[in-house]
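The values are calculated or read from the model by the stated rules, or taken from the named source; none is laboratory data. From a predicted model like this one, the values you see are computed outputs, not experimental measurements. Positions of Cβ are generated from backbone atoms using ideal geometry, with glycine treated the same way; all protein chains shown enter the neighbour counts. Ligands, DNA and RNA are excluded from the accessible area calculation, which covers all protein heavy atoms including side chains. Shrake-Rupley method; radii C 1.70, N 1.55, O 1.52, S 1.80 Å.
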Amino acid sequence: MRVKGSQDLAAGLMFVLVGALAIRIGADYPVGSWQRPGTGVLPLILAWCLIGVGAILTIKGMILHGPSLLEGQWAWRPVIMVTLAGIAFALLVDEGGLVAAMVVSMAICALGTPETRWKEFGYFTVIMCVVAVIMFIKGLGMPIKVFPWN
Amino acid sequence: MELSDLFSNLALGFSVAATPGNLFWCLMGALVGTAIGVLPGVGPVATMALLLPTTYYLPPEGALIMLAGIYYGAQYGGSTTAILINLPGESSSVVTVLDGYQMAKQGRAGAALAIAAIGSFFAGCVATVAIAVAAPPLTKVAQQFAPADYCSLMVLGLVFAIVLARGSVVKALGMVFLGMLLGLVGTDVNTGNLRYTFGISDLFDGIGFVPLVMGLFGMAEIMANMTNTERRDLVTSKVTGLMPTWEDLKTSAMSVLRGTILGGFLGILPGGGAVLASFSSYTLEKKLAKDPSRFGKGAIEGVAGPESANNAAAQTSFIPMLTLGIPSNAVMAMMIGGMMIHGIVPGPQVMTERPGLFWGMIASMWLGNLMLIVLNLPMIGLWVRMLMVPYRLMSIAILFFCCIGVYSLNNSANEVLFIAVFGILGYFFFKLDCEPAPLLLGFILGPLLEVYMRRAMLLSRGDAMVFIERPLSLSFLILAAILLTIVLLPNIRKAREVAFVE
C-alpha cells in the first residue's frame with residue numbers, strides 16, 4: 001500500500017509516539033481518587049486523546065491524498081546552523097563572556113545561508129556587540145562578563 | 001453600568017497611562033510594533049517573546065502597556081509593507097496586498113496608506129471604548145463562576161481556538177493536547193510530584209514560557225525564512241499625496257465602520273483575532289460592493305475594511321484575557337506571560353485588585369493609537385528604508401536577541417539550550433503544517449484547567465456530574481460539543497477550507 005499523504009502520516013505518527021511515551025513514562029504517577037485527582041490523571045487523559053488524534057491522522061495519511069512531506073525545500077543548512085548557534089551561545093556565555101558568545105554564535109548563524117557577505121557581517125557584528133554591551137550590561141545591568149578575563 | 005463609572009474609570013486609566021514613563025513605554029511599544037509590522041517574517045508573537053524578559057525590569061504597568069502597543073502597532077505597520085511592496089508585513093495584512101498594492105501601482109500609495117491608518121485609528125478608538133464598556137460587567141459575571149464553570153469555559157475556549165485555527169482541525173486538536181501535556185511538565189503544584197522532568201533540574205519548575213515561544217516562533221521562523229530569499233521590490237520610493245480625496249473618504253467610510261464592527265466582534269472570540277477579522281471583512285466588502293470586479297484592481301474599500309477590522313480585532317481580543325484571564329490567541333498568551341512575570345495572576349480579580357493597571361492599559365491603547373496615526377504617516381520614509389536591511393543580517397540579530405533574552409531571565413545557560421531544541425521542534429511543526437498557536441494556548445490553559453478541575457472535584461466530593469449539573473458549565477460544554485461536531489462534519493469542513501483559502 002502506498003502512502004498518499006505523508007505529511008498527515010508523519011504528524012499522526014508524531015502524536016501517537018508522544019502519547020505512547022507519555023503513558024509509558026507516566027505509568028507510575030499516582031491516579032488518586034475521584035475527590036482528589038492525582039498527578040497522573042490529566043496526563044493520562046491527554047495522552048490517550050493525543051493517541052486518538054494521531055491515529056486519525058495516520059489513517060488519513062494512508063488512505064487520503066494530501067501534501068507530501070517532501071514538498072518544498074527542507075532547509076537543513078539553516079536548521080543545523082541556527083541550532084548550533086543557539087548551543088554555542090549557551091556553552092560560551094558563562095565562561096567566555098558576552099562578546100565571545102556573540103561572535104561565535106552569530107558567525108555560525110551566518111554560515112546558515114549562502115547569502116552571507118563576510119565583510120558586511122564583520123561590521124554588523126562589531127556594531128551588535130557594542131550595542132549589546134551598552135544595552136544589556138551597562139543599561140539593564142545584567143551580570144554577564146564582557147570578556148573572558150573580566 | 002453607570003456612565004459616570006465609565007468616565008471615572010477612564011479618568012483613572014488616563015491618569016496612569018499619561019505619566020511620562022508610561023507614555024514613553026507606550027510609544028516604544030507602538031514604534032517597535034510598527035517596525036516589526038513593516039518587516040515581513042517578524043511577527044508580533046516572536047517580538048513580544050523577545051521583549052518579555054526585558055519587561056521584567058519595567059514596572060508592571062509600563063511592561064503591559066508596551067507589550068499591548070506592539071500588537072496593535074504591528075497592525076499599522078503590516079499594511080505599509082503590503083501596500084508598498086506587495087508583501088504582507090503581517091499575516092493580518094495578507095488581504096491588504098490585493099487592493100493596496102494595485103492602488104500603489106496606480107500612483108495612489110499615499111491614499112491607500114492614509115486610509116489604512118485612518119481606518120485603523122477609527123477602529124482603535126471604537127475598540128478601546130468597547131473594552132471599557134464591556135469589561136466591568138463581564139468581570140462581574142466571571143466572578144460568579146465556580147471552578148467547574150471555569151473548567152468548562154476553558155474547554156470551550158480551546159475548542160474555539162481549534163475551530164478558528166487555520167489548516168487542519170485534527171492537527172490543531174493534536175497541537176492543543178500536545179501543548180497541554182508540555183504545560184504539565186515539572187512539579188505538580190498540588191501534590192509536589194514531578195512529571196516528565198527526565199531528572200533535568202531545569203525542568204522541575206516546568207518548561208519556561210519564554211524559551212518555548214522563542215524557540216517555536218523566533219528560532220523556527222529564522223530557519224524557515226533563511227531558505228526563501230525573496231526579492232523586495234518597492235513600487236515607489238517616494239510616497240506623495242498622503243491626503244485621501246473627499247471621494248476616497250466617502251467611499252470608504254462605510255467599509256471602515258463595517259470592518260470595525262465585524263473585527264470587534266471576531267476579536268472577542270477565542271482563536272479569532274486580527275487575521276480572521278481582515279479576511280472576513282474583505283469577503284464582506286466584496287459581497288456588498290455594487291461592482292465586485294473592482295476588487296483586486298485597486299478598490300479602496302478592500303484596504304479600508306480589512307485594515308479597520310484587523311485593528312479592531314487586535315484590541316477587542318484583550319477582552320477575554322482581561323476579564324476571564326483566558327488567552328484567545330497566541331498574542332494574548334504572551335500578555336498573560338507578561339503578567340505572570342510580574343506576579344500578577346490573570347483573571348477577573350485584576351480589575352478590582354489592580355484598577356490602575358487595568359484601566360491604565362485600556363487608556364494607553366487609545367493614546368497609542370493616537371501616537372501611531374500622528375507618527376506613522378510622516379515616518380513612512382524611515383520604515384521603507386528599514387525594509388532595505390537584508391534578511392541575512394536580520395536573522396542574525398533575531399538569533400542574538402532570542403539567546404540573550406532567554407539567558408537574561410534566570411541567567412541560566414541551560415534555558416538557552418532549550419530554545420535550540422524548541423527551534424528544531426518548531427521547524428518540524430512548520431514542515432508538518434501544524435500551527436504552533438494552538439499548542440501555545442494549550443500550554444497556558446493546561447495547568448489552569450488542571451487546577452480548576454481539581455477544585456471542582458474536591459468541592460463536589462468526587463462527583464464528576466458537577467460539570468453537567470451546573471447550568472453555566474453545561475451550556476459551555478454543549479456549545480463546545482456543537483462547535484466541534486459542526487467543524488468535523490465533512491461538508492462544513494469543505495466550506496471552511498474554501499473560506500480560509502479566499
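Side notes on the structure shown:
- Evaluated against (1) open to solvent by 20 Å² or more (accessible area, probe 1.4 Å); (2) assigned to a helix (DSSP H, G or I); (3) under 30 Å from A:Leu13 (Cα atoms), B:Val129 falls short on exactly one condition, (3).
- Qualifying residue in segment B:409-418 (condition: open to solvent by 40 Å² or more (accessible area, probe 1.4 Å), farther than 30 Å from A:Leu57 by Cβ and charged (D, E, K, R)): no
- Search result, residues across segment A:123-145 that are open to solvent by less than 30 Å² (accessible area, probe 1.4 Å), modelled with pLDDT of 85 or more and more than 9 Å from every other protein chain (Cβ to nearest Cβ): A:Cys129, A:Val133
- Applying the criterion of being charged (D, E, K, R) and open to solvent by less than 20 Å² (accessible area, probe 1.4 Å) to the residues of segment B:434-469, the residue that is nearest to B:Ala333 (Cα to Cα) is B:Glu450.
- Pair list, Cβ under 6 Å, 6 or more apart: segment A:66-90 residue at the interface with chain B (Cβ under 7 Å from one of its Cβ atoms) and of a type in the set (A, V, I, L, M), other residue buried (at least 21 other Cβ atoms within 10 Å of the Cβ) and part of a loop (DSSP other than H, G, I, E, B): A:Val82/A:Gly112
- Residue match in segment B:448-467 (condition: farther than 26 Å from B:Arg195 by Cβ and away from chain A (no Cβ under 14 Å)): no
- Between B:Gly110, B:Gly124, the distinction of being surrounded by 24 or more Cβ atoms within 10 Å (Cβ to Cβ) and in contact with a Leu (Cβ under 9 Å, 6 or more places away or on another chain) belongs to B:Gly124 only.
- You will find that of A:Glu120, A:Glu115, the residue that is assigned to a helix (DSSP H, G or I) and charged (D, E, K, R) is A:Glu120 and no other.
- Boolean, A:Ile80 is over 15 Å from B:Lys431 (Cβ atoms), assigned to a helix (DSSP H, G or I) and open to solvent by 10 Å² or more (accessible area, probe 1.4 Å): no
- Looking across segment B:72-98, the residues that are open to solvent by less than 10 Å² (accessible area, probe 1.4 Å) and within 14 Å of the chain's Cα centre (by Cα) come down to B:Tyr72, B:Gly73, B:Ala74, B:Gln75, B:Tyr76, B:Gly78, B:Ser92, B:Ser93.
- Residue in segment B:379-396 that is within 14 Å of chain A (Cβ to nearest Cβ), under 30 Å from A:Asp94 (Cβ atoms) and among the β-branched types (Val, Ile, Thr) present: yes
- Among the residues of segment A:19-55, just one is part of a helix (DSSP H, G or I), open to solvent by 50 Å² or more (accessible area, probe 1.4 Å) and within 7 Å of chain B (Cβ to nearest Cβ), namely A:Ile25.
- Yes/no for A:Gln35 being over 30 Å from B:Tyr452 (Cα atoms) and either outside the structural domain of A:Leu98 (by TED's automatic domain parsing) or free of Cβ contacts under 8 Å to residues at least 24 places away in the same chain (or both): no
- Residue count for segment B:47-71 under the criterion of being among the aromatic types (Phe, Trp, Tyr) and within 14 Å of chain A (Cβ to nearest Cβ): the result is 2.
- Applying the condition of being among the hydroxyl-bearing types (Ser, Thr, Tyr) and touching a Leu at 6+ places or on another chain (Cβ under 9 Å) to segment B:178-219 and asking which residue is nearest to the other protein chains (Cβ to nearest Cβ) yields B:Tyr196.
- Flag set for A:Met102, criterion: in contact with a helix residue (DSSP H, G or I) (Cβ under 7 Å, 6 or more places away or on another chain), open to solvent by less than 50 Å² (accessible area, probe 1.4 Å) and assigned to a helix (DSSP H, G or I).
- Condition broken by B:Ser412, with the remaining ones in (1) under 21 Å from B:Lys171 (Cα atoms); (2) in contact with an Asp or Glu (Cβ under 7 Å, 6 or more places away or on another chain) satisfied: (1)
- Qualifying residue in segment A:106-119 (condition: within 20 Å of A:Trp149 (Cα to Cα) and of a type in the set (D, E, K, R)): no
- Count of residues meeting criterion [in a helix (DSSP H, G or I) and either basic (Lys, Arg) or within 22 Å of B:Ile131 (Cα to Cα) (or both)] in segment B:255-294: 24
- Selection status of B:Lys297, open to solvent by 10 Å² or more (accessible area, probe 1.4 Å), of a type outside the set (A, V, I, L, M, F, W, C) and not in a helix (DSSP H, G or I): yes
- Some residue of segment B:180-187 being free of Cβ contacts under 8 Å to residues at least 12 places away in the same chain and either crowded, with 20+ Cβ neighbours inside 10 Å or β-branched (Val, Ile, Thr) (or both): no
- Filter pass, B:Tyr76 being outside any helix (DSSP H, G or I) and at pLDDT below 90: no
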